[in-house]
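Undergrad: I'd like to ask you about the structure that follows.
The values are calculated or read from the model by the stated rules, or taken from the named source; none is laboratory data. Treat the numbers as computed from the prediction; the structure is a model and nothing was measured. Note that we place each Cβ from the backbone using ideal geometry, even for glycine, and neighbour counts take in every protein chain shown. Only protein heavy atoms, including side chains, enter the accessible area calculation; ligands, DNA and RNA are left aside. Shrake-Rupley method; radii C 1.70, N 1.55, O 1.52, S 1.80 Å.
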Amino acid sequence: MRASRKTLSVLGLVALMAGSALAQRQPMPFSPPGGPFGPGGAALFLMNQSVQEELKLTREQAEKVSQFQEKTIEKIKEGFAKLQDARPEERREKFHQMMKEVSQDAEKMVKEVLKPEQARRLKQIQMQQAGVENFTRAEIQRLLRLTDEQKDKLTALAEDTRKDSQAILREARRDPQKMPEARKRVETLKREAMEKANAVLTDEQRKLWKDLLGEPFEMKFERSGFRPGR
């Protein structure tokens, strides 16, 4: 599987900047720093062709997304250049500020480009991709009315899954040919983690959780072109 070249360009630049500014690696493939709900998360998913097709974007909508991609790439390049000669603390501060601006720009673009029903479906796709990470978010904890004991168990599960996934991907980066298999292992980890998470939830919470996620969606990465719905 592979993401579109433009999407990977954005992610590559963000990862490069994060490494330079914060001395840390990109946590997950096709995921902004902080996971699917990190800076620019919705917009990054919107760059994927299979997501565009699921949302039935029009040609005009797809063109606006493409324009946002180009502007974001240029903004990140310019920001990275400005960070080169800054002191570590200043570099870290400016990095966070720039990612905050990218996130704000992304949220604005999504609201302006998508229809309400498309935005709702995109949010469901984000949640499906986030997996157990959802249960660490205050919004989800509130909606599901999780108890303190459930929060502790689910947060620990999310942290363990994240660490194990990062270890698998970090090892695979040394040999690009191993990345497809590494991604499969990560997907298996995420699937097993969700099964464990479901066991923590009550029947009522599981039903609500299923409703929040909507219809299952499988994100694909093999194609880069876009054929508008109309």
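Undergrad: Treating only the Cβ of Lys, Arg, Asp and Glu as charged (+1, +1, -1, -1), what charge dipole size does region 101-230 show about its Cα centre? Round to the nearest 20 debye.
TA: 480 debye
Undergrad: Express in Å², to the nearest 10, the accessible area of LYS56 obtained by rolling a 1.4 Å probe over the protein heavy atoms while all chains stay in place.
TA: Near enough 130 Å² of accessible area.
Undergrad: I need the Debye-formula profile for region 94-164: one equal scatterer per C-alpha, no solvent, reported as log10 I(q)/I(0) at q = 0.20, 0.22 1/Å, two decimals.
TA: Debye curve over Cα of region 94-164, log10 I(q)/I(0) at q = 0.20, 0.22 Å⁻¹: -0.98, -1.02.
Undergrad: Now, a different point. Leaving out same-chain residues fewer than 8 places away, which lysines sit with a Cα under 22 Å from that of LYS178?
TA: Counting by Cα, and skipping residues close in sequence, LYS178 has these lysines nearby: LYS163, LYS190, LYS220.
Undergrad: Another question, if that's okay. How do LYS190, LYS115, LYS178, LYS210 rank by accessible surface area computed with a 1.4 Å probe, from largest to smallest?
TA: The ranking, largest first, comes out as LYS210, LYS178, LYS115, LYS190.
Undergrad: I need the Kirkwood Rh of region 128-230: take the reciprocal of the average 1/r across all distinct C-alpha pairs and report it in angstrom. Walk me through the numbers on the way to the answer.
TA: Details: mean 1/r = 0.0648 Å⁻¹.
After inverting the mean inverse Cα-Cα distance, the result is 15.4 Å.
Undergrad: May I ask you to give the solvent-accessible area per residue for region 51-185, in square angstrom, as obtained with a 1.4 angstrom probe?
TA: 62 Å²
Undergrad: Can you sort ARG185, ARG87 by 1.4 Å-probe accessible area, starting with the largest?
TA: The residues order as ARG87, ARG185, largest area first.
Undergrad: Beyond a 30 Å Cα-Cα separation, which of these cross-linked pairs lie in this structure: LYS75/LYS123; LYS94/LYS153; LYS153/LYS210; LYS64/LYS151; LYS71/LYS123?
TA: LYS94/LYS153; LYS64/LYS151
Undergrad: Kindly sort GLU74, GLU93 by accessible area of their heavy atoms, largest first, with the probe set to 1.4 Å.
TA: GLU93, GLU74
Undergrad: Let me ask something else. Along region 64-80, what does the Karplus equation 6.51 cos²θ - 1.76 cosθ + 1.60 (θ = phi - 60°) give for ³J(HN,Hα), rounded to whole Hz, x for Gly and Pro?
TA: Using θ = phi - 60°, the values come out as 5, 5, 4, 4, 5, 4, 4, 5, 5, 4, 5, 5, 5, 4, 5, x, 5 Hz.
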